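Quick notes on the structure that follows.
The values are calculated or read from the model by the stated rules, or taken from the named source; none is laboratory data. All values derive from a computational prediction rather than experimental measurement. Cβ atoms come from the backbone with ideal geometry, glycine included; neighbour counts cover every protein chain shown. Quick note on the areas: whole protein, heavy atoms, side chains included, nothing else; ligands and nucleic acids left out. Shrake-Rupley method; radii C 1.70, N 1.55, O 1.52, S 1.80 Å.
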Amino acid sequence: MITHTELAALQAQSLKMQGWIRRQTFSPELEKTLRRFSSWEVSELIFRVNQSTFRGRLVADPSLPAGEVEEDGRQRWFSLDEINELRRRMKVNRRSLMPPRPKGKRALRAAIANFKGGAGKSTVALHFAHAAALDGYRVLVVDFDPQATLSHSMGLTDVGEELTVWGILARDLIHETDRMNAAPRGAESGSTLPQRRLPSSIRDLGLGDLRINDFLRTTAWSTIDIIPSCANAAFVEFASAQYRHINPEWSFFAAVSRYLDAIPDDAYDVIIFDCPPAIGYQSMNAVFAADVLYIPSGPGYWEYDSTTSFIGQLAEALGDLSAGFQETFPTGKIALPKAFADVKFLLTRFEPSNELHQTMQAAFQKVFGDHVTKNPIEMTRAVEQSGRFLGSVYEIDYREMTRETWRRARGSFDTAYADFKSVCVKAWDQVEDSE
Ligand SMILES: Nc1ncnc2c1ncn2[C@@H]1O[C@H](COP(=O)(O)OP(=O)(O)O)[C@@H](O)[C@H]1O
Ligand SMILES: [Mg+2]
């Protein structure tokens, strides 16, 4: 007979092994740091200006950040902060190097979501966050997945569950319940309804007192913050079901959206959500808060199948919310039914010479038309390799692998990011103006 006791013992054994495996991949004591970027990368891959033009500018204006020269030669290497200062101060052919950012709007929010584990969600979220930061945007990523792949990749391994999306949900339940209790109720009917009560097990956690900034963690990238996840947050789904039972009028799916609304509009430019491989309380919060829905999918038949059932179940879940909460949902920045500014399907792990992949790409395009992004993300060894070191192709130094391998991988993510950026910039028009 195997009960929860034996399962717990098995897990304890496994955890010990997990720690060992992690130490083989990277040292947990070692803080993640960000490398410098060479003048070749900064000019041609980041600013997209001629390398000699760029060098000429640096010579002409000695007050500009000059980077550091490494022993191996002529290249100068720049930190992310130096790159951002150069971007602010340099103009090329009177063209500003700053990325487009509409004034008087909040940050654009994009959810990377699908059912299937291994679809490439976390890889896409990580690479888009890094590409956007190198493009000059201030980025916030929210890790909704208790597997915490994205949090680990961004160097956060020691996270308390109260400071994850679960904490945001519980905090919201407390605030919303207080708000509902304070609002005049049953005035029309003349009767007073009993106050909604939260059990002390929830009140006593102190989550109601947490401030907005308590959830925001810095990363090795100075312009990327993260709301991390951790394995202990896996009980969110279970806990959220209980919370709903305690207060059935609580619009549980809007908790993260309300939280993000409270962040100053100009604190970030882009907010990226990495979703768990399921439709549940967490992914509904991600999807509801998102302006843009990005659905990565592998190029195989089963992935096509699973993507189809994902959008079917999502449609059903969003329909249920509209029907169930129309009456009680607090009016404000968000409305029901939930509407996205855009929805895109992005093929990942694509092999251009693979006939099955070509056929599946044609099928996706035929069915979803313009909703399929122009460029798929290619299957590359560089991603596997950088992933093994818990990083992105942007983070890995190109001198650590064949230059061509690195270029191909980076090029694939660069074009996919360019598509993503144009989707976001267009979607911004549909975001309400700040007051
Ligand atoms: N373009 C790619 N080329 C090669 N390997 C990839 C690529 N995208 C993802 N992978 C690998 O596939 C695995 C699953 O990807 P991941 O992003 O974690 O999926 P998900 O978040 O959807 O579960 C990871 O090991 C990752 O390194
Ligand atoms: Mg993932």
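Values for this structure:
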quantity	calculated
Selection from the range 176-209 of residues that are among the charged types (D, E, K, R), open to solvent by less than 60 Å² (accessible area, probe 1.4 Å), outside any helix (DSSP H, G or I) and modelled with pLDDT of 80 or more	196
Scope the range 274-293; condition within 12 Å of ligand 1 (Cβ to nearest atom), modelled with pLDDT of 90 or more and either farther than 27 Å from residue 422 by Cβ or in a strand (DSSP E or B) (or both); matching residues	274, 276, 277
Total residues in the range 213-248, condition out of contact with any helix residue (DSSP H, G or I) (no Cβ under 7 Å at 6 or more places or on another chain) and of a type in the set (A, V, I, L, M, F, W, C)	8
Filter result for the condition that a residue is in contact with a strand residue (DSSP E or B) (Cβ under 6 Å, 6 or more places away or on another chain), under 30 Å from residue 222 (Cβ atoms) and more than 16 Å from ligand 2 (Cβ to nearest atom), over 380, 373	373
Among residues of the range 99-113, those that are out of contact with any Gly (no Cβ under 6 Å at 6 or more places or on another chain), in a loop (DSSP other than H, G, I, E, B) and either at pLDDT below 95 or more than 21 Å from residue 387 (Cβ to Cβ) (or both), counted	7
Hey, residue 122 at pLDDT below 95 and within 13 Å of ligand 2 (Cβ to nearest atom) or not	no
Contacts under 7 angstrom Cβ, first residue in the range 270-287 being under 16 Å from residue 338 (Cβ atoms), partner within 15 Å of ligand 2 (Cβ to nearest atom) and among the hydroxyl-bearing types (Ser, Thr, Tyr), 6 or more apart	275/283
Residue check, residue 138 more than 16 Å from ligand 2 (Cβ to nearest atom), over 30 Å from residue 248 (Cα atoms) and of a type in the set (D, E, K, R)	yes
The one condition in (1) modelled with pLDDT under 95; (2) open to solvent by 40 Å² or more (accessible area, probe 1.4 Å); (3) of a type in the set (Gly, Ala, Ser) that residue 63 fails to fulfil	(1)
Hits in the range 95-128 (condition: open to solvent by 30 Å² or more (accessible area, probe 1.4 Å) and among the β-branched types (Val, Ile, Thr))	123
Every residue from the range 399-413 that is touching a residue at least 24 places away in the same chain (Cβ under 8 Å) and closer than 17 Å to residue 351 by Cβ	405, 408, 409, 412, 413
Among the residues listed as 323, 286, 262, 278, the single one being surrounded by fewer than 19 Cβ atoms within 10 Å (Cβ to Cβ) and within 16 Å of ligand 2 (Cβ to nearest atom)	278
Selection count, the range 289-302, where residues are within 15 Å of ligand 2 (Cβ to nearest atom) and more than 16 Å from the chain's Cα centre (by Cα)	2
Failed item in (1) surrounded by 17 or more Cβ atoms within 10 Å (Cβ to Cβ); (2) within 22 Å of the chain's Cα centre (by Cα), with residue 361 passing the rest	(2)
